[in-house]
Amino acid sequence: MIKVFGHLSPDTDATCSAIIWSWYLNEHTTYDATPYVLGDLNTETAFVLNRWEVETPALLENLATGDQVVVVDTNNPQELPENINEMNLVQLLDHHKLVGGLETATPVEITMRSLACTATVLYDQMGPAISTIPNNIAGLILSCIISDTLEFRSPTTTPHDKDVAEKLAEKLGINITTYANEMFAAKSDISSFTDAGLIKMDSKKYDVGDKNFRVSVLETTTPETILARQDSIVEAIKTCVAEESDVDEVLFFIVDILKEEATVLTYNELTKQVIESSFGVTVEGDTEVLPGIVSRKKQILPALKL
């Protein structure tokens, strides 16, 4: 049996891509595949799975040496189980830049494309089999594209992503904007999350110079609900840094989907320094608004410097 999973802090693309690709492997290849997640779901992803009546994948609690695995939506060892290099990696499908650090004992099938989300990569990889997808799988692919492109607002969006989304929406009889608003409303409900949970909900570790940052992004239509918890979030960040030996600091971005801007918490000298150096601004308070910044992959991570 092949275990299919995405990254830690699973978002809609990582979670649904594991489900989508498991369906394809089971229906159109000789592989026996099961999707898993590596952490708790955010509210948007939970909404999507409920909307398309898809069971939440089980939490992958351990991997044994030699287990057959397929990794989707990441190629970064920091975002995967610590013993990932002891696994028999069969396939890797992703849309992020190549990070390095993964090792395999045998050749592996790798598909990486510069598209807005992994689900679009999977759509293409299915070839003629795409005509056989049931509505719930089509709905998951559409949801991934909407989520990762912020309904085509993100600069990561390609014409192909949009074309695939429109084809799937037509097949399903769905208005993209109406459905996107439902997804974003679900994403914006953070009432059930602790401050520590918000920090790790959508977070990636990233080296900047000689420092290792946890770069956390919360996409919302109601940024004020997150900013209302600013003081307690900063305290939770301090705890996170103290507890994680491989994290020097946390950069916490609140992306306003509707205004298409990000507010970053600048609560100490290091966060102020990196934001000033990276985005050419002068930070005077404990937050800084960055107009036009919505994408961690294309606008935030590539810009970070000390």
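Bear in mind these aren't lab numbers, they're just calculated from the coordinates by the rules spelled out. What you see is a predicted model; the values in this text were computed from it and never measured. Counting neighbours? That spans all protein chains shown, and the Cβs are built from the backbone with ideal geometry, glycine included.
Overview of values
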| quantity | calculated |
| --- | --- |
| Computed label-point distance, nm, for sites Glu86 and Arg113 using a 7 Å Cα→Cβ extension | 3.5 |
| Mean separation of Cα contacts under 8 Å, 6 or more apart, over the residue count of the range 167-302: relative contact order % | 19 |
| Cβ-based net charge around Leu265, under 9 Å, with every Lys or Arg adding one and every Asp or Glu removing one | -2 |
| Under 12 Å from the Ala303 label point (7 Å along Cα→beta-carbon), backbone N, the range 257-280 | 261-264, 275-280 |
| Gap separating the Cα centres of the range 157-181 and the range 217-232, nearest whole Å | 28 |
| The chain, relative contact order in percent, only Cα pairs under 8 angstrom and at least six apart counted | 14 |
| Cα gyration tensor shape for the range 16-157, rounded if a/c is under 1.5, else prolate or oblate | rounded |
| Using a Förster distance of 22 Å, the FRET efficiency for Leu258-Asp40 (Cβ separation, nearest 0.05) | 0.25 |
| Most mobile of Leu49, Leu41, Leu172 in a GNM of the chain (Cα contacts under 10 Å) | Leu172 |
| Per-peptide average of other Cβ atoms within 10 Å, ordering 181-193, 108-120 highest first | 108-120, 181-193 |
| Net length gained if the chain between Glu27 and Thr56 were fully extended (0.36 nm per residue, minus Cα distance) | 8.5 nm |
| Two-site FRET efficiency, Asp163 against Glu103, from Cβ-Cβ distance with R₀ of 45 Å, rounded to 0.05 | 0.80 |
| Cα gyration tensor, the range 145-188 - rounded (a/c under 1.5), prolate or oblate | oblate |
| For the range 175-267: lysine pairs under 25 Å (alpha-carbon distance), excluding those fewer than 8 apart on one chain | 12 |
| In Hz, Karplus ³J(HN,Hα) per residue of the range 20-29 (6.51, -1.76, 1.60; θ = phi - 60°; x = Gly, Pro) | 4, 6, 4, 4, 4, 4, 6, 8, 10, 9 |
| For the range 246-262, 3J(HN,Hα) per residue [Karplus equation, 6.51 cos²θ - 1.76 cosθ + 1.60, θ = phi - 60°, Hz, x = Gly/Pro] | 9, 10, 8, 6, 10, 9, 10, 9, 10, 8, 7, 4, 6, 7, 6, 8, 10 |
| Kirkwood hydrodynamic radius (C-alpha pairs) into Stokes-Einstein, the chain, 10 °C and 1.306 mPa s, D in µm²/s | 80 |
| Global geometry of the range 183-264, whether rounded, prolate or oblate, following the gyration tensor of its Cα atoms and the 1.5 cut on a/c | prolate |
